[in-house]
Amino acid sequence: MTFLIRTIDHTASGREIVRDREVEGATLTIGRATTNDVVIQDLAVEQHHVSASFDERGRVKLEAQTNRDFAFDGYKTGNVQFDPATGGTLALGLYSLAFAKEPDGQVLVIVRQEERELGDRDAVRKFDLASAMPNKRVVAWLGVLAILAAFLAVPVWTNLARADKQPGADGIDQVAWDASWSTGKLSLAHHALENNCEACHVAPFVSVRDETCLSCHQDIGDHAPQNRLAISRGPMSSGDALLWQIADVFGKEGPEACTTCHTEHEGAGRMEPAAQQFCSSCHETMDARLADTALGNAHDFGTDHPELQALVHGKLGSAKLTRVTLDGKAREDHGLRFPHAMHLSTTNGVARMAGNLPEYGEALVCADCHRPTDDRNGFLPVDMESDCESCHSLVYDKVGSTFRTLRHGDVAQMRADLIAMDRAPRSPITSGLRRPGEFKRGGRYFQDFGRPTQNYIGIARALSQEGVCGECHVPTGSGATASVMPVFQRSHYFLNGRFDHEAHVQEDCTSCHAADTSDSAKDLLLPTLATCRDCHQGADAVEADVPSTCAMCHSYHPPAFRGRKKGPQSVPPDRLAGLPSGRDANR
Amino acid sequence: MASLIGGHDEGETYAEIEQRRSSDHESFLAHRAFFWAKLAAILALFVVATYLLVDVEPRHNGGSWYGYTLGTLGAGLIAWLAWLGIRKRRPTPGSWSLAGWTSAHVYLGLSLAVVGTMHTGFQLGWNVHTLAWVLMMLVILSGAYGVMVYATLPRALSENRRQMTREQMIESLSAIDRQLELAAQPLSREDTDVVVEALEQDVFGAGLVARLRGPGGQDATRRALAHISTGRAYDDDASDLAQQQVRSILGKRSSQIDQIRRQMRTKALLEIWLYIHVPLTFALLAALVAHIISVFYYW
């Protein structure tokens with residue numbers, strides 16, 4: 001039996017070239033080596049890959065010549081026998097060898113090479129980066145959708161879909177994912193609202209309203225009525241007017257709105273105080289527009305500021321407050337007789353006495369009598385018992401080793417104590433008669449029934465100019481109505497300004513308060529504007545020790561503006577001598 | 001266009017070529033004697049000057065009147081700059097040439113970096129507003145890179161081509177492959193395997209990193225070359241001649257692949273910025289919409 005080998009090739013134009021040849025012999029060798037009967041020019045094929053032979057029954061036997069298998073009719077195998085009449089296809093690399101039986105008994109082997117793309121027609125496009133990258137359009141859409149969802153849809157949807165549209169820091173009614181909308185940290189005062197945008201941004205597309213601010217800041221004082229503000233400001237420049245017109249179109253409330261000055265989201269920290277320019281734009285020439293104003297013009301603390309004025313009790317015994325200009329000659333009459341110079345002397349009797357008492361130094365200093373408030377901003381009113389009495393004793397009697405002391409601040413009580421003091425000598429109510437035994441003077445049961453004339457004399461003496469009360473107080477009246485003038489101590493002297501002693505702690509008291517040279521309690525020992533200007537100059541005076549903006553001493557919204565009428569302005573009524581308790585000291 | 005961005009010293013021939021090219025081709029960068037470059041520079045300087053002069057209390061931010069003005073200007077610029085994507089697909093409607101449009105796109109796009117940054121008042125944070133700014137800056141930076149490579153790389157591309165078209169490169173590789181396949185027929189199994197591996201190698205299957213790395217990397221062809229190396233003693237080997245032939249063809253194949261890879265690398269460098277510029281532009285437009293709506297939503 002012989003094999004008829006039919007190779008079918010293709011020309012470049014696709015035309016088939018069919019070549020037939022016969023192979024004599026019982027074995028057909030197939031492989032890459034040129035010595036084979038059928039040469040398969042495919043590198044995937046072994047040099048001697050398969051041999052085909054006939055078995056005794058005329059069947060074709062294919063055997064792998066190496067340990068490499070071959071594919072026959074789709075199955076990988078190393079050894080197969082088949083009837084050539086049925087046929088079969090041996091696949092080697094890209095070649096297929098189809099076996100069939102010719103009518104003349106020859107076994108026909110059709111060798112055919114599969115089409116192979118050597119030059120990839122699309123390869124040119126693969127030079128471009130596009131073949132190695134994801135589609136730009138897809139990426140772009142994914143990015144757009146992700147950003148719009150996360151930064152727009154979620155916050156807007158949760159804002160609109162809230163059941164209870166109330167501001168709340170937590171819970172299901174909170175707007176989700178709106179932290180990404182915050183343009184910056186809130187000031188420290190508003191830190192608690194950091195995650196609660198809807199507390200201020202109440203309605204969509206509506207600017208933050210004053211009423212929202214005032215819902216918390218209920219007690220904020222108005223700087224001035226709106227109409228006076230407008231007059232003081234004067235006409236806007238055309239540029240400002242245009243800007244406010246545009247702002248009005250966008251729904252801003254106007255130049256008087258809270259948010260005009262108080263910008264938020266400027267970063268954690270204190271809310272920035274207004275600049276000097278902000279105040280001076282109105283106050284520099286305000287009297288020209290607001291003719292009835294009591295305020296002097298000011299635009300720079302160092303160069304243009306009215307003299308300081310203090311709120312004092314100008315008339316002895318009167319609760320009425322008047323303002324005096326601090327020109328170095330200002331006086332007040334608070335009702336105490338207290339020469340500062342005498343008490344601060346280092347050489348006189350006061351100093352000697354201080355030196356003898358264990359709680360004082362060689363001489364008195366300010367802090368011996370003036371105690372700071374807890375916040376150390378100011379000073380507590382001078383208190384007789386703690387600040388004066390260690391020298392100015394109110395002792396009037398001694399029983400055994402115990403001293404009896406008058407109660408300070410209550411004239412009626414003082415009067416009663418002195419009247420009831422029975423050790424003062426009294427004239428006997430009878431003359432010539434003496435009581436017997438233990439009832440006589442010096443006896444165990446002696447009672448002095450005489451008139452307490454000496455006691456009344458003692459009271460009158462105490463309340464006189466030279467008496468124990470008159471030492472510090474101004475006596476008033478005589479006889480049964482004798483008393484002392486009420487005392488008014490101010491803890492704050494400034495109506496519109498603010499002073500912090502704590503901030504000036506490195507200074508000596510006397511550098512501002514000329515107490516060591518003051519011989520009269522009526523001297524108002526407050527510094528003048530010139531004294532302040534030793535250190536403080538205007539905001540732009542960079543070479544000054546302390547360049548000072550208006551906001552250093554003044555607040556646009558005075559915190560106690562409304563509360564001023566309520567709080568105690570002086571010593572509580574029960575501390576006032578000469579006034580029966582229950583009557584209003586501030587009348 | 002390369003010649004118009006700074007000089008070059010490649011020698012006489014290049015100068016001549018470029019001169020010839022310049023005479024009949026005006027780069028979009030130099031369009032109308034750098035009209036848009038000048039305009040954009042004036043705009044940027046004006047914005048910087050006003051930023052320094054305008055007094056905003058307590059400090060500059062996007063929410064002042066000046067900030068809103070710059071924001072409006074910036075948003076308008078972004079919308080117009082993005083419009084190039086639509087404009088370039090339309091063949092010259094109106095009087096604006098695409099070159100003029102592109103020139104304006106490049107220079108106004110660069111000035112947008114100043115407008116947008118001044119709009120922020122340098123108040124940046126982790127929020128959608130800064131996201132928009134970051135995206136804007138990335139788009140501008142990628143665009144600047146794009147202009148740079150457009151000015152420099154096309155020369156490298158044509159130098160590498162050596163008068164060959166890309167089709168010719170592929171055809172050359174195919175021809176080499178056919179030769180290689182024939183030449184490798186007498187080789188041993190072991191040697192054939194490495195040749196087959198080289199033939200099956202997909203030169204174009206390279207990902208972004210491989211493309212950017214360019215030629216010279218270890219691949220199947222070089223491995224085959226190393227395997228069938230000259231170091232082997234073939235004197236008594238019958239297939240020595242075939243091996244020599246295969247070796248020489250593999251060498252040709254390797255340098256052909258290098259040329260293709262160099263081409264792909266340059267193309268990748270030339271095109272990569274668009275994969276940042278275009279998707280980020282869309283992301284920027286989305287962030288810009290979110291930015292503007294959110295600002296007025298929480299007004």
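The values are calculated or read from the model by the stated rules, or taken from the named source; none is laboratory data. Just so it is clear, the structure is predicted and the values come from calculations on it, not from any experiment. All Cβ positions, glycine included, derive from the backbone under ideal geometry; neighbour counts span all protein chains shown.
Scanning the range A:245-262 for residues being at pLDDT 85 or above and over 17 Å from A:Pro225 (Cα atoms) gives a total of 9. Considering every residue within the range A:323-332, establish whether at least one is over 29 Å from A:Gly538 (Cβ atoms), surrounded by fewer than 16 Cβ atoms within 10 Å (Cβ to Cβ) and at pLDDT 90 or above. Yes; the residues of the range A:323-332 include at least one that is over 29 Å from A:Gly538 (Cβ atoms), surrounded by fewer than 16 Cβ atoms within 10 Å (Cβ to Cβ) and at pLDDT 90 or above. Among the residues of the range A:287-301, how many are surrounded by fewer than 17 Cβ atoms within 10 Å (Cβ to Cβ) and either touching a strand residue (DSSP E or B) at 6+ places or on another chain (Cβ under 8 Å) or of a type in the set (Phe, Trp, Tyr) (or both)? Residues flagged as surrounded by fewer than 17 Cβ atoms within 10 Å (Cβ to Cβ) and either touching a strand residue (DSSP E or B) at 6+ places or on another chain (Cβ under 8 Å) or of a type in the set (Phe, Trp, Tyr) (or both) within the range A:287-301 amount to 1. For B:Thr192, the conditions (1) buried (at least 16 other Cβ atoms within 10 Å of the Cβ); (2) touching a helix residue (DSSP H, G or I) at 6+ places or on another chain (Cβ under 9 Å); (3) farther than 25 Å from A:Val124 by Cα all hold with the exception of (2).
Counting the residues of the range A:84-113 that are in a loop (DSSP other than H, G, I, E, B), in contact with a Leu (Cβ under 8 Å, 6 or more places away or on another chain) and within 16 Å of A:Ala44 (Cα to Cα) gives 1.
Against the numbered list (1) loosely packed, with under 14 Cβ neighbours inside 10 Å; (2) on the phi > 0 side of the Ramachandran plot, A:Leu433 comes up short only at (2). Would you confirm whether or not the range B:170-190 contains a residue that is facing chain A (nearest Cβ under 7 Å) and among the β-branched types (Val, Ile, Thr)? Checking the range B:170-190: at least one residue is facing chain A (nearest Cβ under 7 Å) and among the β-branched types (Val, Ile, Thr). Of all the listed residues (A:Asp55, A:Asp69, A:Asp73, A:Asp122), the sole one being under 21 Å from A:Ala26 (Cβ atoms) and at pLDDT below 90 is A:Asp55.
Filtered by the rule that a residue be free of Cβ contacts under 8 Å to residues at least 60 places away in the same chain and among the polar types (S, T, N, Q), the range A:50-108 gives A:Ser51, A:Ser53, A:Gln65, A:Thr66, A:Asn67, A:Thr77, A:Asn79, A:Gln81, A:Thr86, A:Thr89, A:Ser96. Residues in the range A:174-188 that are within 11 Å of chain B (Cβ to nearest Cβ) and part of a loop (DSSP other than H, G, I, E, B) were compared, and the one that is farthest from A:Ala268 (Cα to Cα) is A:Val175. Condition check for A:Phe338 on (1) in contact (Cβ under 8 Å) with a residue 60 or more places away in the chain; (2) in a loop (DSSP other than H, G, I, E, B); (3) over 28 Å from A:Ala482 (Cα atoms): one failure, at (3). Scan the range B:35-71 for residues that are in a helix (DSSP H, G or I) and either touching a residue at least 12 places away in the same chain (Cβ under 8 Å) or more than 11 Å from chain A (Cβ to nearest Cβ) (or both) and the total you get is 23. Scanning the range A:121-140 for residues that are within 7 Å of chain B (Cβ to nearest Cβ), hydrophobic (A, V, I, L, M, F, W, C) and either touching a residue at least 12 places away in the same chain (Cβ under 8 Å) or part of a helix (DSSP H, G or I) (or both) gives A:Ala123, A:Val124, A:Leu129, A:Ala132, A:Val139, A:Ala140.
Listed by first and then second residue, the pairs with beta-carbon distance under 7 Å, at least 6 apart or on different chains, first residue in the range B:257-279 and within 8 Å of chain A (Cβ to nearest Cβ), second aromatic (Phe, Trp, Tyr), are B:Gln263/A:Phe127; B:Met264/A:Phe127; B:Lys267/A:Phe127. For the condition closer than 27 Å to B:Leu131 by Cα and either at the interface with chain A (Cβ under 7 Å from one of its Cβ atoms) or of a type in the set (A, V, I, L, M, F, W, C) (or both), what is the one hit in B:Leu284, B:Leu250, B:Leu212? So the residue among B:Leu284, B:Leu250, B:Leu212 that is closer than 27 Å to B:Leu131 by Cα and either at the interface with chain A (Cβ under 7 Å from one of its Cβ atoms) or of a type in the set (A, V, I, L, M, F, W, C) (or both) is B:Leu284. Assess whether B:Leu157 counts as being under 28 Å from the mean Cα position of the chain (by Cα), within 12 Å of chain A (Cβ to nearest Cβ) and touching a residue at least 40 places away in the same chain (Cβ under 8 Å). Here the answer is yes, as B:Leu157 does meet what is asked. Answer yes or no as to whether A:Val154 is assigned to a loop (DSSP other than H, G, I, E, B), more than 30 Å from A:Thr285 (Cβ to Cβ) and modelled with pLDDT of 90 or more. Against the criterion (assigned to a loop (DSSP other than H, G, I, E, B), more than 30 Å from A:Thr285 (Cβ to Cβ) and modelled with pLDDT of 90 or more), A:Val154 does not qualify. Of all residues in the range A:240-289, those that are of a type in the set (Val, Ile, Thr), outside any helix (DSSP H, G or I) and away from every other protein chain (no Cβ under 11 Å) total 1.
Quick one: what pairs do we get from the range B:198-221, first residue closer than 14 Å to A:Asp128 by Cα, second β-branched (Val, Ile, Thr) and surrounded by 16 or more Cβ atoms within 10 Å (Cβ to Cβ), C-beta under 7 Å, 6+ apart or different chains? Cβ pairs passing all conditions: B:Val203/B:Ile257; B:Val203/B:Ile260. Apart from one condition, A:Leu242 fits all of (1) modelled with pLDDT under 90; (2) surrounded by fewer than 16 Cβ atoms within 10 Å (Cβ to Cβ); (3) among the hydrophobic types (A, V, I, L, M, F, W, C); the exception is (1).
Scanning the range A:477-515 for residues that are surrounded by fewer than 16 Cβ atoms within 10 Å (Cβ to Cβ), modelled with pLDDT under 90 and farther than 18 Å from A:Leu308 by Cβ yields A:Gly477, A:Ser478, A:Gly479, A:Ala480, A:Thr481. Scanning the range B:100-121 turns up at least one residue that is surrounded by 15 or more Cβ atoms within 10 Å (Cβ to Cβ), within 30 Å of A:Pro273 (Cβ to Cβ) and among the β-branched types (Val, Ile, Thr).
Listed conditions (1) small (Gly, Ala, Ser); (2) closer than 21 Å to B:Ala268 by Cβ; (3) at pLDDT 85 or above; (4) touching an Asp or Glu at 6+ places or on another chain (Cβ under 9 Å) are all met by B:Gly216, apart from (3). Anything in the range A:517-562 that is farther than 30 Å from A:Glu256 by Cβ and without any contact (Cβ under 8 Å) to a residue 24 or more places away in the chain? List them, or say none. Within the range A:517-562, A:Ala530, A:Thr531, A:Asp534, A:Cys535, A:Val542, A:Glu543, A:Asp545, A:Val546 meet the criteria. In summary, A:Leu214 fulfils each of the numbered conditions (1) within 30 Å of A:Ala298 (Cα to Cα); (2) more than 10 Å from chain B (Cβ to nearest Cβ); (3) in contact with an Asp or Glu (Cβ under 9 Å, 6 or more places away or on another chain) with the single exception of condition (3). For the residues A:Ser281, A:Ser237, the requirement of being surrounded by 15 or more Cβ atoms within 10 Å (Cβ to Cβ) and of a type in the set (S, T, N, Q) singles out A:Ser281.
Within the range A:530-549, the set of residues being surrounded by fewer than 16 Cβ atoms within 10 Å (Cβ to Cβ) and in contact with an Asp or Glu (Cβ under 6 Å, 6 or more places away or on another chain) comprises just one member, A:Cys535. Within the range A:307-352, the set of residues being within 40 Å of the chain's Cα centre (by Cα) and more than 20 Å from A:His513 (Cα to Cα) comprises A:Leu321, A:Thr322.
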